[in-house]
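Structure, as structure tokens:
Rule-based calculations on the coordinates, nothing more; no lab input. As the structure is a prediction and not an experimental result, all values here were calculated from the model. Note: ideal-geometry Cβ built from the backbone for every residue, glycine included; neighbour counts use all protein chains shown.
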Amino acid sequence: MAFPCEKVVREHLPAIKAALARSLVENGMSQVQVSKLLGTTEATISHYMKGERGQAILGQHILDDIIHLAKIIANGSLKSNQISQEVCGICQKVRLTCAVCGAESLSDCVHCTMTDT
């Protein structure tokens, strides 16, 4: 049995980081700055930018949250521990989103749950 957190870490967290990296670069940060901020390598950010990593599909409501977060980060309005908390909040939201149809809550989904993975 796989726990929902395992799926998030394996599939969705890389997609969240990739979307966040792309949004941060679009908001004027360099790939070097983004790699330091996300605690990863410049090569990983380059892979994210090319779409070679972090390709899990995220719902539009999740992407909207990531884009909003990127704007706040790019403005320098958050400290690193606050950024971590915000990303954790996005991960929690992903866990409550249907993995198959993207319904914003599992109660809205009539055909799937995240616990089957």
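Of the GluC sites (Glu not before Pro) found in region 4-67, those that fall in a DSSP loop while having at most 13 other beta-carbon atoms within 10 Å are Glu52.
Under the simplified labelling scheme, the Thr41-His61 pair shows an inter-label distance of 3.7 nm, with each label point 7 Å from Cα along Cα→Cβ. Taking a point 7 Å from the Cα of Glu52 along the Cα-to-Cβ direction, the residues of region 4-18 with backbone N closer than 16 Å to it are 18. Give me the lysines in straight-line cross-link reach of Lys71: C-alpha distance below 18 Å, same-chain residues under 8 apart excluded. List returned: Lys17, Lys36, Lys79. Multiplying the residue separation of Cys88 and Gln33 by 0.36 nm and removing their Cα-Cα distance gives an extension gain of 17.7 nm.
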